[in-house]
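For reference, the structure discussed in these notes is given below.
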Amino acid sequence: MKSVRKERILITGPFGQIGSELVPALQERYGKENVIALGHVTIPDWYDGKMVTGDVRHLDSMKKIVQENSITQIYHLASLLSATGESKPSMAWDINMTGLKNVLDLAVEFRLRVFWPSSIAVFGPTTPKENTPQSTVLEPTTMYGVTKLAGEVLCQYYHLKFGVDVRSLRYPGIISWKAEPGGGTTDYAVTIFYDAIQKGRYECFVRESTVLPMMYMDDAIKATLQLMEAPSNKIKVRTSYNLAAISFSAKELELEIQKKMPGLKVTYRPDNRQEIADSWPMSIDDSTARGDWGWKHDFDLPLMTKVMIEELTQKLSR
Ligand code: SER
């Protein structure tokens, strides 16, 4: 796809699970020279593009980066996920909240459009579990969820008070093959593919009956670009949009993989991540996103499973 309009994009957390696929998608759309990764010490082999180093917690250095690179949009992905957040709650608060507040302050000063990911972790045990509505009880019980809830209302506040064009999605668990995810609860649904291909067996850290909302990466990227490119008047939710594609139990995923890999053996040994999974919804009502800006997913469970096995087998044989 050709460049669609002149934007200068800064992406934080560019080499995480989502960044690794969003960065190339943004480069293709806006031109390699217009996408700037806020990097770390280590840069992955696949990266071919512009990079600056910085820390989202340091406002002054972030401001310099925005100014020097004439940034017009920030995709702010840098964050600790749910399981890591439980082992390092203070660090999760610091990175997740200070980082977002800095990005929003820069958005006020430089009139930036911002994308910030929220999550199904914003929900908690008191939220309706099935077809969870857009507007509902939000009482998360993880530090990660607390930062997502606080972040959502902070985004809405900056929109109402300062007119910041900030847009957000409550991602479900994201399944992908390019970069390994780190520290999430839904990650069992990624690790199972690695272990199926490399070992022929997998020990799952949630019970077989655990149902969580999930999505294949290509759908997540499509939703993100679609949301960010929608006209401003279509964006009616400035906290964060519910977003859904597929919901399945761990056992259903096992059975689907076994259709292609009949030798796979899965055992179930729930650990502390079970409690996190139990606090989240099983399925999400995303009709508001579908109605407001035309969201529609492409990947169902069989298609996602097929593509994951094919792509990951190829990646691991390289
Ligand atoms: N996938 C994330 C996690 O499990 C939820 O946003 O932490």
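Considering only Gln27, Val56, Thr98, the residue lying farthest towards the positive end of the dipole of the chain is Gln27, judged by Cα position with unit charges set on Cβ. Taking Cβ atoms as reference points and 11 Å as the exclusive limit, the residues near Thr141 contribute a net charge of -4, counting Lys and Arg as +1 and Asp and Glu as -1. Sorting 139-146, 151-158, 117-124, 309-316 by average packing, meaning the other beta carbons within 10 Å per residue, from highest down gives 117-124, 139-146, 151-158, 309-316.
Summing Lys and Arg as +1 and Asp and Glu as -1 over all other residues whose Cβ lies under 13 Å from the Cβ of Met261 gives a net charge of +2. Pairing the Cα long axis of helix 188-198 with the longest principal axis of the chain, what angle in degrees results, from 0 to 90 and rounded to the nearest 10? Roughly 60 degrees between the two axes. The packing ranking of peptides 274-280, 167-173, highest mean first, is 167-173, 274-280, where packing means the average number of other beta carbon atoms within 10 angstrom of each residue.
Stretching Glu311 away from Lys260 to a fully extended chain increases their span by 17.0 nm, per 0.36 nm per residue minus the current alpha-carbon distance. Entry for the range 244-318 at q = 0.17, 0.19, 0.24 Å⁻¹: log10 I(q)/I(0) = -0.91, -1.03, -1.15, Debye formula applied to identical alpha-carbon scatterers, no solvent contribution.
If you wrap the range 215-258's Cα atoms in a convex hull and average its projection over all directions, what's the area in nm²?
The orientation-averaged projected area of the Cα hull of the range 215-258 comes to 3.9 nm².
Here the Debye sum runs over all C-alpha atoms of the range 27-79 as equal scatterers in vacuum, and log10 of I(q)/I(0) at q = 0.26 Å⁻¹ comes out as -1.26.
Across the alpha-carbon atoms of the chain, the computed radius of gyration and Dmax are 18.9, 57 angstrom. Filter the cross-link list Lys64/Lys222; Lys32/Lys236; Lys199/Lys260; Lys88/Lys222; Lys178/Lys236; Lys129/Lys251 down to pairs whose alpha-carbon distance in this structure exceeds 24 Å. Too far apart for the 24 Å limit: Lys64/Lys222; Lys32/Lys236; Lys88/Lys222; Lys178/Lys236.
Per-residue packing, averaged as other Cβ atoms within 10 Å, sorts the ranges 41-49, 81-89 into the order 81-89, 41-49, beginning with the highest. Paramagnetic label reach from Leu303 (point 7 Å along Cα→Cβ; backbone nitrogen cut-off under 20 Å): within the range 219-251, residues 219-227, 243-249.
Here the gap between Tyr194 and Ser209, fully extended at 0.36 nm per residue and compared with their Cα-Cα distance, gives a gain of 3.3 nm.
Count Lys and Arg as plus one, Asp and Glu as minus one, and take only other residues whose Cβ is under 15 Å from that of Ile174; the net charge is then -4.
Normalising the Debye intensity of the range 1-154 to I(0), with uniform scatterers on Cα atoms only, and taking log10 at q = 0.10, 0.11, 0.12, 0.20 Å⁻¹ returns -0.38, -0.46, -0.54, -1.24. Between Lys32 and Ser61, full extension at 0.36 nm per residue minus the direct alpha carbon distance yields a gain of 8.2 nm.
Any chance you could check the Cα centroid distance between the range 262-280 and the range 142-221 for me, in angstrom? Answer, in whole Å: 16.
Throughout, read-outs are computed from the coordinates displayed, never taken from laboratory work. What you are looking at is a predicted structure, and each value in this text was computed from that prediction instead of being measured. All Cβ positions, even for glycine, are placed from backbone atoms using ideal geometry, and neighbour counts span all protein chains on display.
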